[in-house]
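This report concerns only the one structure given below.
The values are calculated or read from the model by the stated rules, or taken from the named source; none is laboratory data. None of the values given here were measured: they were computed from a predicted structure. Here the Cβ is made from the backbone with ideal geometry for all residues, glycine too, and neighbour counts use every protein chain on show. All accessible areas refer to the heavy atoms of the entire protein, side chains included, with ligands and DNA or RNA removed. Shrake-Rupley method; radii C 1.70, N 1.55, O 1.52, S 1.80 Å.
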Amino acid sequence: MSGSPSADSDSYGQGERVAADGSFELYNLLPDRYGVVVSGLPPGFYIKSIRVGETDITYSGFELKDGPPARIDVLVSPKAATVSGVAQIPDSDKTAAGATVVLVPNEKERAQIAEFYHQATTDQFGRFEFKSVVPGDYKVYAWENVEATAWMDPEFMKPLEGMGESVTVEESDRASVQVNLIPAESAKDKAATAGKGR
């Protein structure tokens, strides 16, 4: 993928399947900055680290200049976490069916990498579940109505920080959280207020 593995990376290089021995090769890459994205992992697995030589490039990507880069090593762990819970309508005992729930990473280096976010829609009982979660610190948000990927915009999220529920997971954890629904009008009002403050 051209560019660092971030939300702003919209130019992709070729993808290659991993061989039976775990190796892969990418060909005809032009000098540029690249990130490595791995897809198709089995449920419960996550990317623990990506290294070029002695350098960890999991979040930063790497610069490809003249000549081939050092070997890229991708470390995969079968000990991903699971986060589940219920979205609740504020000031009531009712749950929120059909809400959009998003697991948002707190760490700055992960915030611009789409693969660290998880999205789900609550079922008829307001329940949701995120599988294959990378260990770390997150907040869970539930919206009645929200534009897709808006949660990756720091300006949109800033006024909503107090409306999410914090959760921290280690390897193999199964965490549960209850989160209040953000009504559509409330989200619009806070976004408008944030816009005026710029």
(message) Taking the criterion of being of a type outside the set (D, E, K, R), open to solvent by 40 Å² or more (accessible area, probe 1.4 Å) and more than 17 Å from the chain's Cα centre (by Cα), would at least one residue in the range 103-114 satisfy it?
(response) no
(request) Working carefully through the options LEU26, LEU30, find the one that is within 26 Å of VAL134 (Cα to Cα) and modelled with pLDDT under 95. (result) LEU26
(message) Every residue in the range 40-58 that is open to solvent by 30 Å² or more (accessible area, probe 1.4 Å), under 15 Å from GLU171 (Cβ atoms) and either free of Cβ contacts under 8 Å to residues at least 40 places away in the same chain or assigned to a strand (DSSP E or B) (or both), please.
(response) ILE47, LYS48
(request) Within the range 61-73, track down each residue that is under 24 Å from GLU107 (Cα atoms) and open to solvent by 50 Å² or more (accessible area, probe 1.4 Å). (result) GLU63, ASP73
(message) Scan the range 162-174 and tell me whether some residue there is surrounded by 18 or more Cβ atoms within 10 Å (Cβ to Cβ) and not aliphatic (A, V, I, L, M).
(response) yes
(request) Identify all residues within the range 77-88 that are out of contact with any Asp or Glu (no Cβ under 6 Å at 6 or more places or on another chain) and open to solvent by less than 60 Å² (accessible area, probe 1.4 Å); write none if there are none. (result) SER77, ALA80, THR82, VAL83, GLY85, VAL86, ALA87, GLN88
(request) For the range 126-156, enumerate the residues that are at positive phi and either free of Cβ contacts under 8 Å to residues at least 40 places away in the same chain or open to solvent by less than 40 Å² (accessible area, probe 1.4 Å) (or both). (result) GLY126, SER132, GLY136
